[in-house]
Structures are given as structure tokens and as C-alpha cells.
Amino acid sequence: MAKKQWYLLAVLLLLVGVYLVSFTHWDRHPAIQISHSTYAIPKKSIRLRYRPSLTNSAIMTFNLDHAYQLTEVKVVRLADWQTNKSVLPVWHLTSDSNSVPTKRFYYGAPLRGMKPVVPGNRPKPLETNVTYRLFLTTGSVQGQHDFSPPPPPPPR
């Protein structure tokens with residue numbers, strides 16, 4: 001090939017590389033977008049299928065941007081996790097097989113297709129005004145979210 005053709009080939013490869021880096025997401029790993037909300041439970045409410053583990057007056061709900069087949073759900077105290085990455089979680093579920101695609105779940109509620117890492121282990125109640133970190137994994141996609149349960153409302 002002539003010198004001019006090598007030059008044009010190099011420019012073409014450079015332009016293709018710039019396009020791939022700029023307009024595709026090859027260099028970025030997707031992340032699960034997570035939000036949370038807290039719902040108050042009236043004292044004279046109907047029975048829930050699971051016992052709320054947040055406090056005796058509220059339920060913590062986590063919302064995801066899409067329905068994901070989760071393979072791991074883990075909640076840890078953030079202060080403990082920052083000093084020791086192998087801290088024991090307050091809630092930890094895994095899936096051996098296919099879990100049901102989930103877009104919303106409640107803290108402490110069983111998720112279909114998932115089971116506690118330690119059999120028979122129940123989620124620990126969340127303390128108010130303590131920051132926790134939620135870790136979610138589904139295949140190669142991961143997400144994390146920091147949250148702090150609010151104090152219970154004053155009695156009426």
C-alpha cells in the first residue's frame with residue numbers, strides 16, 4: 001500500500017475509536033438506580049404478610065429503575081462498613097437459581113427466589129437516624145444506595 005493509503009487507514013481507525021468511546025458505553029458499567037421511601041403504618045392497620053422490621057410504625061420501601069433478577073441483596077451499617085468491609089450485614093439474601101424480576105421490595109420482606117445467606121437468619125430491625133448502605137447485584141450490574149430511617153412520628 002502507498003503511504004497515503006496507510007495514512008487514511010490510520011485516520012479512519014482513529015475516527016472509529018473516537019466514535020466508540022464518545023457515543024457508546026463500552027467503558028462504562030451500568031448501575032442499578034435505587035430510591036427509597038418510608039410509609040407510616042397506622043396502629044389500627046390490617047395485618048401485613050411480614051413483620052415490618054424498620055420500627056413498629058414505618059416500612060422502608062426500595063424502588064428500582066427497572067425490574068431486575070436480583071442475585072444478592074445486602075444491607076450494612078455504613079459506619080461499620082467504612083471501617084471493615086467484611087462487616088456482618090443486618091439483612092443479606094442471595095439467589096442460587098432464577099429469582100423473580102423485582103422493581104420494588106420492602107426491607108425485611110422475603111423476595112421470591114431468594115433466601116437468607118445464613119438459613120433461618122432474620123433481618124435485624126433498623127435503627128432510626130443511623131445511615132445504612134444497600135448493595136444490590138444482578139449478574140454484572142450492581143448498585144448501592146445510602147439511606148437513613150427517619151424517627152417515628154410523635155404520638156397523637
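I'd like to check something: does segment 69-76 contain any residue that is touching a Phe, Trp or Tyr at 6+ places or on another chain (Cβ under 6 Å) and in contact (Cβ under 8 Å) with a residue 60 or more places away in the chain?
Scanning segment 69-76, I find at least one residue that is touching a Phe, Trp or Tyr at 6+ places or on another chain (Cβ under 6 Å) and in contact (Cβ under 8 Å) with a residue 60 or more places away in the chain, so the answer is yes.
Give the residue that is modelled with the highest pLDDT, with candidates limited to residues of segment 133-147 that are of a type in the set (Val, Ile, Thr) and under 11 Å from VAL73 (Cβ atoms).
Here the residue is THR137.
On the basis of being modelled with pLDDT of 75 or more, closer than 23 Å to VAL117 by Cα and basic (Lys, Arg), does ARG49 make the cut?
Details: modelled with pLDDT of 75 or more: no; closer than 23 Å to VAL117 by Cα: yes; basic (Lys, Arg): yes.
Answer is no for this residue.
With the condition kept exactly as written, say whether any residue in segment 135-156 is of a type in the set (Asp, Glu), touching a strand residue (DSSP E or B) at 6+ places or on another chain (Cβ under 8 Å), surrounded by fewer than 14 Cβ atoms within 10 Å (Cβ to Cβ) and in a loop (DSSP other than H, G, I, E, B). Before the answer, list the steps.
In the first step, residues of segment 135-156 are kept if they are of a type in the set (Asp, Glu); the result is 146.
From the residues that got through so far, the ones that are touching a strand residue (DSSP E or B) at 6+ places or on another chain (Cβ under 8 Å) too are 146.
Then drop every residue that is not surrounded by fewer than 14 Cβ atoms within 10 Å (Cβ to Cβ), which leaves 146.
Imposing the further condition that a residue be in a loop (DSSP other than H, G, I, E, B) reduces the set to none.
No, every residue in segment 135-156 fails to be of a type in the set (Asp, Glu), touching a strand residue (DSSP E or B) at 6+ places or on another chain (Cβ under 8 Å), surrounded by fewer than 14 Cβ atoms within 10 Å (Cβ to Cβ) and in a loop (DSSP other than H, G, I, E, B).
For the list (1) closer than 15 Å to LYS74 by Cα; (2) within 17 Å of the chain's Cα centre (by Cα), I need the number of the one condition that LYS124 fails.
Here LYS124 clears every test but (2).
Which number in (1) farther than 17 Å from GLN142 by Cβ; (2) at pLDDT below 90 marks the one condition that VAL90 misses?
(2) is the only condition that VAL90 fails.
Looking only at segment 99-123, which residues are out of contact with any strand residue (DSSP E or B) (no Cβ under 7 Å at 6 or more places or on another chain) and basic (Lys, Arg)?
ARG112, ARG122
Within segment 86-108, how many residues are under 13 Å from the mean Cα position of the chain (by Cα) and either surrounded by fewer than 20 Cβ atoms within 10 Å (Cβ to Cβ) or in a loop (DSSP other than H, G, I, E, B) (or both)?
6
Note down all Cβ pairs under 6 Å where the first residue falls in segment 127-156 and is over 18 Å from LEU88 (Cβ atoms) and polar (S, T, N, Q), the second is at pLDDT below 85 and surrounded by fewer than 18 Cβ atoms within 10 Å (Cβ to Cβ), and they're at least six residues apart or on different chains.
Listed by first residue and then by second, the contacts come to THR128/PRO151.
Which residue pairs have Cβ atoms under 6 Å apart, sit 6 or more places apart or on different chains, and have a first residue in segment 25-37 that is part of a loop (DSSP other than H, G, I, E, B) and at pLDDT 80 or above and a second that is surrounded by 10 or more Cβ atoms within 10 Å (Cβ to Cβ) and among the charged types (D, E, K, R)?
Taking only residues 6 or more apart or on different chains, the pairs are GLN33/ASP65.
The values are calculated or read from the model by the stated rules, or taken from the named source; none is laboratory data. A quick note: this is a predicted structure, and the numbers were derived from the prediction, not measured. Note that each Cβ is placed from the backbone with ideal geometry, even for glycine, and that neighbours are counted across all protein chains shown.
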